[in-house]
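Asker: Dumping the structure here so I can ask a few things about it.
The values are calculated or read from the model by the stated rules, or taken from the named source; none is laboratory data. All figures in this text were calculated on a predicted structure; none of them were measured in a lab. Note that each Cβ is placed from the backbone with ideal geometry, even for glycine, and that neighbours are counted across all protein chains shown.
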Amino acid sequence: MVLPMPYQCTLSSGQHIYLDNPGNQTVITVASHGAGQQQQSSSSLSTGPWTTVPQVAQFRGGALVRCVTAQGIFTFQVQGMQVSAATDAVNWQAAQPLTVQSVDAVPGSTMAPMTPMAPMTPMAPMEPMAPMKPLQMGHMQMSTNPMAMRMGDMEMRMGSASAPAAQARQFCTQCGAAVTSEDRFCGHCGHKLND
Ligand SMILES: [Zn+2]
């Protein structure tokens, strides 16, 4: 059975207990976070490989750790930073079970040597930005070149010299032909247009 090791458990005192099982050893690491400093101590005990997930229980301000291996059941007592084999007097059933979760690694433990980093490949030159496609949401439409926005019958444009905002559609008062506000005379009938 392959267990996802190591395991971690947090005691009510704020201490963390890490449990690992390399080879035939049960490694119990107790870590406590003091004011700005971290204390950590590990105890390695020969138990054989675990056959199931170890259990941790709150016990008298410390904790009990129980590991089941092919060799039997091992119970350890954690008190402060000390780890010792629990005496027969320890009643596992009376202890308060704690949640044990698998973690990636025991902090501060000897890590396998890192594989050397592959040399960085230079970044590919950035592709020029493609013009933004007009964004359309229901009856609302936006595009960026020129900045324009259309909502229903309303249209707003910015940043374009050819924006026809000044050329709002007007009509000759005389003949009704389409003219622009820039026209001084109607192109159709020559009527003088007043502004
Ligand atoms: Zn006219």
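Asker: Report whether or not Gln39 is touching a residue at least 12 places away in the same chain (Cβ under 8 Å), in contact with a His (Cβ under 9 Å, 6 or more places away or on another chain) and more than 18 Å from Val103 (Cα to Cα).
Answerer: So Gln39 fits the description; yes.
Asker: Would you mind finding the one in Ser41, Ser12, Ser32 that is touching a strand residue (DSSP E or B) at 6+ places or on another chain (Cβ under 8 Å), surrounded by fewer than 20 Cβ atoms within 10 Å (Cβ to Cβ) and at pLDDT 90 or above?
Answerer: Being touching a strand residue (DSSP E or B) at 6+ places or on another chain (Cβ under 8 Å), surrounded by fewer than 20 Cβ atoms within 10 Å (Cβ to Cβ) and at pLDDT 90 or above holds for just one of Ser41, Ser12, Ser32, which is Ser41.
Asker: Another question, then. What's the number of the only condition in (1) closer than 19 Å to Gly108 by Cα; (2) out of contact with any strand residue (DSSP E or B) (no Cβ under 8 Å at 6 or more places or on another chain); (3) not basic (Lys, Arg) that Asn21 fails to meet?
Answerer: Only one criterion in (1) closer than 19 Å to Gly108 by Cα; (2) out of contact with any strand residue (DSSP E or B) (no Cβ under 8 Å at 6 or more places or on another chain); (3) not basic (Lys, Arg) is unmet by Asn21, namely (2).
Asker: Another question, then. Can you pull out the residues in segment 87-103 that are under 18 Å from Asp20 (Cα atoms) and at pLDDT below 90?
Answerer: Result: no residue meets the conditions.
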